[in-house]
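See structure below.
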Amino acid sequence: MSVVSDVIVPARAPYSAILKQGQVMKIIDLESQQAVDALFYNAHDFSERYSAQDTLAAQAAGEKFYLEKTSVLRSNEGREMVRIIADTCGFHDTCAGACSCESNTVRFGHETRFMHACRENFLIELAKYGLGKRDLVSNVNFFMNVPIRPNGELTVDDGVSEPGGYVELLAEMDVLVLISNCPQVNNPCNGFKPTPIRIVISQG
Ligand SMILES: [Zn+2]
């Protein structure tokens with residue numbers, strides 16, 4: 001496979017790229033325990049975008065609540081956008097959403113109001129494509145550990161990904177991929193210390 005791009009995304013920073021059908025994006029958690037929030041849009045029609053509901057409904061027969069190797073990320077039209085073809089972590093969340101200034105104040109106190117959050121990262125990147133708040137939809141949280149308690153409650157626990165852990169995504173259509181290298185420091189999704197990630201795009 002030939003490398004199309006190879007970048008380091010600094011801690012707390014956003015990133016975006018168009019992934020052509022057949023290309024593979026490898027997201028590498030360089031230092032471990034780093035949540036990587038991601039959104040996906042049809043590169044030719046942004047109104048078609050990733051849907052957690054369609055994705056989980058399609059894999060419900062296997063009673064799979066998390067995303068893992070062989071999971072297919074589907075759009076709001078039920079079509080295949082991206083397929084997970086390699087994964088060292090074992091499971092990835094798509095239900096806990098992205099952190100925001102607003103949710104930070106509710107969960108961690110009003111003094112966190114001005115802390116940078118994934119939602120702000122997404123808005124910065126979305127603006128480059130003429131998109132905005134109304135285009136913020138359900139996202140994937142790669143490397144984020146979200147166990148379900150016996151009472152049905154979702155919690156964010158210590159990440160389990162190892163240094164150098166990675167996930168590989170094969171594009172099933174041309175997709176715009178938006179990423180927020182999560183800046184959260186109030187819960188353990190980043191080990192309380194946001195770190196850089198590396199993103200390599202290859203031609204299959
Ligand atoms: Zn976040």
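The values are calculated or read from the model by the stated rules, or taken from the named source; none is laboratory data. Just so it is clear, the model here is predicted, and its values are computed rather than measured. Quick reminder, even Gly has a Cβ in these numbers, built from the backbone with ideal geometry, and neighbours come from all protein chains shown.
Need at least 3 residues that are without any contact (Cβ under 8 Å) to a residue 40 or more places away in the chain and farther than 21 Å from S202 by Cβ per element, so show me which strands (runs of 3 or more DSSP E) inside the range 1-92 make the cut, counting only ones lying wholly within it.
45-49
Just checking, which of H92, H44 is at pLDDT 95 or above, within 16 Å of the ligand (Cβ to nearest atom) and not small (G, A, S)?
H92
Pull up the range 23-51, narrow it to residues that are in contact with a helix residue (DSSP H, G or I) (Cβ under 7 Å, 6 or more places away or on another chain) and of a type in the set (A, V, I, L, M), then point me to the one that is surrounded by the fewest Cβ atoms within 10 Å (Cβ to Cβ).
L39
Quick one: how many residues across the range 146-186 are under 22 Å from V72 (Cβ atoms) and either within 16 Å of the ligand (Cβ to nearest atom) or assigned to a loop (DSSP other than H, G, I, E, B) (or both)?
Number of matching residues: 7.
Does A86 fit the bill of being within 16 Å of the ligand (Cβ to nearest atom) and surrounded by 12 or more Cβ atoms within 10 Å (Cβ to Cβ)?
So A86 fails the test.
Residue check: is F114 loosely packed, with under 14 Cβ neighbours inside 10 Å, modelled with pLDDT under 95 and either farther than 15 Å from P14 by Cβ or touching a Leu at 6+ places or on another chain (Cβ under 9 Å) (or both)?
yes
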